[in-house]
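Reading through the structure tokens given below for one structure.
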Amino acid sequence: MATESPLTPERGWRLPAGARSLPEVHGSIAIPHNAGFWRKMLAFAGPGYLVAVGYMDPGNWATDLAGGAQYGYTLLAVIMLSNLMAILLQALAARLGIASGRDLAQACRDHYSRPAVIGLWLLCEIAIAACDLAEVIGAAIALNLLFGLPLIWGVVLTSLDVLVVLYLQHHGFRYVEALVVGLILAIAGSFAIEIYLAHPAVAPMLAGFIPRAQIVRDSNMLYIAIGILGATVMPHNLYLHSSIVQTRKYRDDHEGKKEAIRFATIDSSVALMFALFINAAILVMAAAAFHGSGHEAVADIGDAYQLLSPLLGTKMASILFAVALLCSGQNATLTGTLAGQIVMEGFINLRLRPWLRRLITRLIAIIPAIIVVWLYGERGTGQLIIVSQVILSLQLSFAVVPLVMFTSNPAKMGPFVNPKWMTALAWVVAVIIALLNVWWLYLTFG
């Protein structure tokens with residue numbers, strides 16, 4: 001259903017504005033306007049957890065495992081700082097979606113020339129495919145570890161999640177959110193038990209959250225640190241969040257939008273703290289189990305699975321590790337479905353049936369995975385995950401810079417423009433991300 005943007009041409013958006021973002025679920029979740037804080041918070045809760053999934057996907061596991069195994073708890077500070085950057089950027093994405101009624105892809109389409117829009121769309125599609133690739137491979141590896149299923153069949157089986165997404169979205173967006181939250185709780189529970197079994201040293205673990213100059217001086221440590229950042233801040237999540245916050249039916253006036261921005265920011269900040277716990281838990285587990293035990297070179301997911309049981313003294317350690325990996329991969333592919341739809345419809349206003357859009361996305365991810373598994377086996381999949389993270393790092397600034405530009409522009413945001421302190425902090429984060437990712441690419445290929 002087409003609608004005009006709530007922002008006028010004088011405020012910066014071109015009209016006609018096109019269709020609403022995710023029109024089939026737009027404004028589908030009612031907000032109790034006269035209710036108390038906690039009831040409203042519950043109504044707004046959900047989008048942040050879909051976003052948080054991207055910050056704990058299988059692409060993060062290799063960098064977290066390598067960081068913990070090689071350097072103990074030292075890189076916990078990098079995970080924490082990366083997460084704080086993510087909290088700020090996701091707050092900006094929610095602000096854009098609620099204040100303008102446009103998701104980030106639509107905002108780019110409104111603002112930039114047609115060739116620039118096509119370029120941004122292609123870059124984003126490549127990034128989503130790369131992210132989907134890591135998630136498909138991660139879930140396939142988990143199925144192989146748990147049930148001995150050949151990796152090729154595991155890759156094919158994970159593609160069937162398209163049916164789950166279509167079924168749940170047909171019955172209501174809350175069902176999608178409930179499934180995602182349930183899988184996050186399963187991942188968090190698994191790693192809580194893992195940490196208990198690993199018995200990490202509490203004092204060094206807490207000290208790891210304090211940034212150290214050693215991280216910058218040691219080139220090998222810096223390489224892993226930048227990898228953690230590149231795997232943590234996911235570009236497609238910015239497009240996703242700016243859209244799914246609009247599934248709430250908040251009042252379309254100043255006070256209604258102000259309230260929606262406040263609750264959406266709380267929602268995403270709390271959800272991303274779960275992502276911080278899970279990423280930190282992976283590194284803590286690797287530090288406690290592998291660092292100082294002669295297994296500092298462990299970075300491969302399969303190797304970690306095989307070593308956890310003998311090192312921690314129980315088969316449960318390996319099983320929980322694989323269960324968490326499976327939940328992580330499947331969770332991330334669910335949100336990747338929505339991100340793909342948002343990006344295609346937002347940038348080029350091309351609307352396909354959900355099953356067709358999902359099939360295209362899955363084929364782009366599955367075909368390279370099947371080829372690599374067929375030619376190189378399990379070791380090749382590890383390299384493919386690393387390549388996917390490099391692609392994500394290349395695309396990141398092309399999402400972050402427009403987001404900061406739009407939300408800092410009074411002509412586009414009106415009374416909901418970023419405060420000056422937030423604008424300054426957002427530009428600092430954008431520059432840091434760009435420089436660190438360029439440096440990571442130099443270290444990778446140089």
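The figures follow:
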item	result
The chain, accessible area per residue, ligands and nucleic acids excluded (1.4 Å, Å²)	39 Å²
Calculated log₁₀ intensity ratio I(q)/I(0) where the Debye formula runs over C-alpha points of segment 259-377, q = 0.09, 0.10, 0.12, 0.21 Å⁻¹	-0.43, -0.52, -0.72, -1.18
Hull volume in cubic angstrom per residue (convex hull over the Cα atoms of segment 387-433)	63 Å³
Cα-projected label distance for Tyr196 with Val270, points at 7 Å along beta-carbon direction, nm	2.4 nm
Ranked by how many other beta carbons lie within 10 Å on average, peptides 339-352, 63-76 from highest	63-76, 339-352
Percentage, to the nearest whole number, of Cα pairs in segment 173-302 over 22 Å apart	53 percent
Under the Karplus curve 6.51 cos²θ - 1.76 cosθ + 1.60, θ = phi - 60°, whole-Hz ³J(HN,Hα) for segment 84-89, x wherever Gly or Pro sits	5, 4, 5, 4, 5, 5
Per-residue ³J(HN,Hα) for segment 323-340, Karplus 6.51 cos²θ - 1.76 cosθ + 1.60, θ = phi - 60°, Hz, x for Gly and Pro	4, 5, 5, 5, 4, 5, x, 5, 4, 5, 5, 4, 6, x, 4, 5, 4, x
Over 13 Å [Cα-Cα, segment 108-147], rounded percent	62 percent
Sulfur and carbon atoms: percent of accessible area, the chain [1.4 Å]	70 percent
Cα-based shape type of segment 67-183, given that a ≥ b ≥ c are square roots of the gyration tensor eigenvalues and the cut on a/c is 1.5	oblate
Whole-Hz ³J(HN,Hα) from phi, Karplus 6.51 cos²θ - 1.76 cosθ + 1.60, for segment 140-150, glycine and proline x	5, 4, 4, 5, 5, 5, 7, 10, x, 5, x
Segment 158-222: trypsin sites (Lys or Arg not before Pro) in DSSP loop, at most 15 other beta carbons within 10 Å	Arg212
Inter-probe distance in nm under a simple model that places probes 7 Å from Cα toward Cβ, at Thr314 and Asp253	5.7 nm
Local electrostatic count at Met285 - Lys and Arg +1, Asp and Glu -1, tallied over other residues with Cβ under 13 Å	-2
Rounded if a/c under 1.5, otherwise prolate or oblate - segment 198-274, Cα gyration tensor axes	prolate
Potential lengthening between Trp38 and Asn409 on full extension [0.36 nm per residue; Cα-Cα distance subtracted]	130.3 nm
From the coordinates shown, mean projected area of the Cα convex hull in nm² corresponds to which of (1) 22.2; (2) 20.5; (3) 23.7	(2)
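The values are calculated or read from the model by the stated rules, or taken from the named source; none is laboratory data. Every value quoted in this text rests on a predicted model; they were computed, and no experiment measured them. Here the Cβ is made from the backbone with ideal geometry for all residues, glycine too, and neighbour counts use every protein chain on show. For the accessible areas, the whole protein counts, side chains as well, though only heavy atoms, and no ligand, DNA or RNA atoms are used. Shrake-Rupley method; radii C 1.70, N 1.55, O 1.52, S 1.80 Å.
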